[in-house]
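Asks: Sharing a structure, written as structure tokens. Questions coming.
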């Protein structure tokens, strides 16, 4: 076929293609290739036709050959990227899309193709930046702007997401999705009242939208406005009776209000509606555990690591996860997962593995290595991210109760299973000096990054009556962000001595506790430490406490020397501290 005839045939094929006449287009493309088997244009467009009709493998083959013959064609690389994406070859597809953009950085098609691939790969930061380049080319197009806002939210770039959504709403002021996503961004930024206003704007245009009602309810829940939250979740369920998230969130409101049986029922319902919803199973686990139903509770608690906001980084070990099989003669690496308190509390189960004939190593965060090295039942403690010793299995500390089929009545609860270093004890005892009445160590706040820390941490001001008791010396053991209270609370009495600034790690804290008569703490790591050392410890709990403290009671099966002081009204620490001080006055007297 002569060149002019070939060109005419190709143009006819393109015309058929554009008009949707696929058979005629394919026939014409093949006619061009019969005369010129390496014609890059015909190879490319025949591949595009195959891709459009659900034949990505053939498309990749044809377009790949076209690219090899004409490597300078950006459209060819972009089309190849789309074919490879459909084949699931996302890494290679991304490389092809980037090559297309290297050849033509201003190609909307190339940017859209790369954006689709990055979305599939979950590369939200890169996706947001790619869509930013796309919007620089066509700033008046709204769909990429909403998509960019989603990517920014997934990437945690919440202020940028807010700005993108404000720009979107300036262009499309009736956008329900715009207002809903703006609410998400504002909530994450802690601007809760503005988030509520954004959600209400969305509901003004779509009053029964279940997802928006759910989001509004969650924001009310953040503010402690539980009746309004529950009303939103119930409306969402009316609109969408099989809405698993609304059932779950209504159950979380019930848990926050200590209607535990109702929270269990609603979590079960959510897990039934969405069997793969990890948050529902985990909430069910929490409800069962606070009731003391450990067998089923810990089984459901195993879903925690599948939650989208699970805080612990995933650990990759070459060994298999221990499934409860016999351990005689085997080596097990037990690793921490959550906070300091969880690690101390669950570490007691390591000795049970040793009793089954296992050699046990513990992998944990640096601040705990020195302290836990003295634990019975552990062959060695490895700092997190250091090379692990050879081992046959690995398992999370928090999974041990489930693997060991623990019950409320089989909690290993020796009076003390940790001990302070003798040399450190003597050093700190000399530092404390002569005794001046009852010696009390005080911790008033936990880690502010913990989601419910504002509910569990009273702050130093709440404990001020304790500092004013006669016959009592109070030693501040507080570390971290809570130390800011020392400046906010003004002058403190001479009976208060701040030790926190000189505490290097938990080994120091343990040594100080050894010389104290009592530790008073919020629900945080040092409370667990005092309990594990067998020291007298009084722990103050919020109205809706963590599952480990159970639904009722002043004692805990986890620590024989611990006494619990529970809030009777949400947010009211004054009554808790008054009760605690009343007991102390009797003791010091």
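Asks: Restricting things to Cα coordinates, could you compute the convex hull volume per residue of segment 354-453 in Å³?
Replies: 199 Å³
Asks: How much mean residue ellipticity at 222 nm does the chain get from its helices, if each DSSP H run of length 4 or more adds -39500 (n - 2.57) and you divide by all residues, to the nearest 500 deg cm²/dmol?
Replies: Helix contribution divided over all residues of the chain: -16500 deg cm²/dmol.
Asks: Suppose a student asked you for the relative contact order of the chain, using Cα pairs under 8 Å spaced at least 6 residues apart; what percent would you report?
Replies: Once normalised by length, the contact order is 7 percent.
Asks: Follow-up question, since we're still on this one. Take every Cα pair under 8 Å in segment 265-304 that's 6+ residues apart, average their separations, divide by the length, and report that relative contact order as a whole percent.
Replies: Computed value for segment 265-304: 38 percent relative contact order.
Asks: Sort 375, 171 so the one with the fewest other Cβ atoms within 10 Å of its own Cβ comes first.
Replies: 171, 375
Asks: Please tell me the relative contact order of segment 1-108 in percent, rounded to the nearest whole number, where contacts are Cα pairs under 8 Å and at least six residues apart.
Replies: 17 percent
Asks: Another question, then. How far apart, in nanometres, would the label points at residue 404 and residue 305 be if each is projected 7 angstrom from Cα along the Cα-to-Cβ direction?
Replies: Placing both labels 7 Å beyond Cα along the Cβ direction yields 1.8 nm.
Asks: Further question on the same structure: Please report the antiparallel percentage of the DSSP beta bridges confined to segment 422-588, to the nearest 5.
Replies: Antiparallel bridges make up about 5 percent of those DSSP assigns within segment 422-588.
Asks: At R0 = 60 Å, how high is the FRET efficiency between residue 468 and residue 86 if r is their beta carbon distance? Nearest 0.05 is fine.
Replies: E(calc), rounded to 0.05, equals 0.25.
Asks: Among 232, 581, which comes first, then next, by fewest other beta-carbon atoms within 10 Å?
Replies: Listing 232, 581 from fewest to most nearby Cβ atoms yields 581, 232.
Asks: Full-extension gain between residue 53 and residue 583, please, as 0.36 nm times their residue separation minus the C-alpha to C-alpha distance.
Replies: Length difference between fully extended and current span is 182.9 nm.
Asks: Okay, next question. Please list the equivalent ellipsoid semi-axes of segment 195-306, computed as the square roots of five times the alpha-carbon gyration tensor eigenvalues, in descending order and whole angstrom.
Replies: 26, 14, 11
Asks: Shape of the chain from its Cα gyration tensor (a ≥ b ≥ c, root eigenvalues): rounded if a/c is under 1.5, otherwise prolate when a/b > b/c, or oblate?
Replies: prolate
Asks: Could you order peptides 444-454, 15-25, 527-537 by the average number of other Cβ atoms within 10 Å of their residues, highest first?
Replies: 527-537, 444-454, 15-25
Asks: In which sequence would 212, 142, 509 go, from the one with the fewest C-beta neighbours within 10 Å to the one with the most?
Replies: Exposure proxy ranking, most exposed first: 142, 212, 509.
Asks: If R0 is 45 Å, what FRET efficiency do you get for residue 68 and residue 325 from their C-beta distance, rounded to 0.05?
Replies: So, using R0 = 45 Å, E works out to roughly 0.30.
Asks: Rounded, prolate or oblate: pick one for segment 154-233, where a ≥ b ≥ c are the square roots of the eigenvalues of its C-alpha gyration tensor, a/c under 1.5 means rounded, and failing that, prolate if a/b is larger than b/c, else oblate.
Replies: oblate
Asks: Which of rounded, prolate or oblate describes segment 422-588 when judged by the alpha-carbon gyration tensor and an a/c cut-off of 1.5?
Replies: rounded
Asks: Stretch residue 452-residue 501 to full length: gain in nm at 0.36 nm per residue minus the Cα-Cα span?
Replies: That pair, residue 452 and residue 501, stretches by 15.1 nm at full extension.
Asks: Could you order the peptides 200-206, 409-415 from most to least packed, using the average number of other C-beta atoms within 10 Å per residue?
Replies: Going from most to least packed, we get 200-206, 409-415.
Asks: Take the alpha-carbon centre of segment 87-132, take the same for segment 468-545, and report the distance between them in whole Å.
Replies: 53 Å
Asks: Let me ask something else. Please give the contour-minus-distance gain from residue 191 to residue 382: 0.36 nm per residue of separation, less the Cα-Cα distance, rounded to one decimal in nm.
Replies: 64.6 nm
Read-outs throughout are calculated quantities, based only on the coordinates presented, and are distinct from any laboratory measurement. From a predicted model like this one, the values you see are computed outputs, not experimental measurements. Cβ sites come from the backbone with ideal geometry, for glycine too, and all protein chains shown count toward neighbours.
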